[in-house]
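Down below is the structure, laid out as structure tokens.
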Amino acid sequence: MAEPINVKCPSCDQILAAADETGLVNVLREHLFEEHALEMPPERIRENVAAQLQGFDGYKARPISGA
Ligand SMILES: [Zn+2]
């Protein structure tokens, strides 16, 4: 059974959890839209989620809201 995985919101550092990477992309996308009025392309969010999952303890992901 899969353990939930989580990522940090790049804008407010809130922890968002889901069962898998696809779920994380969805919750982060919804969170950004609802909490920060940011509409990000899914591939951009997937990239950020993947980066966070790879460098998990270091949180090396690029800021998602940067220009
Ligand atoms: Zn946030």
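Quick note: the coordinates plus some simple rules give every number you see, no bench work behind them. Everything numeric here is computed off the predicted structure, so don't read it as measured data. When we count neighbours, we look across all protein chains shown, and the Cβ atoms used for this are built from the backbone with ideal geometry, even at glycine.
Data overview
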quantity: Hz values of 3J(HN,Hα) by residue in segment 12-28 - Karplus curve (6.51, -1.76, 1.60), Gly and Pro given as x; calculated: 9, 6, 5, 8, 10, 10, 7, 6, 8, 5, 4, x, 5, 4, 5, 5, 5
quantity: Test item: Cα-centred dipole of segment 1-44, Lys/Arg +1 and Asp/Glu -1 on Cβ, debye; calculated: 80 debye
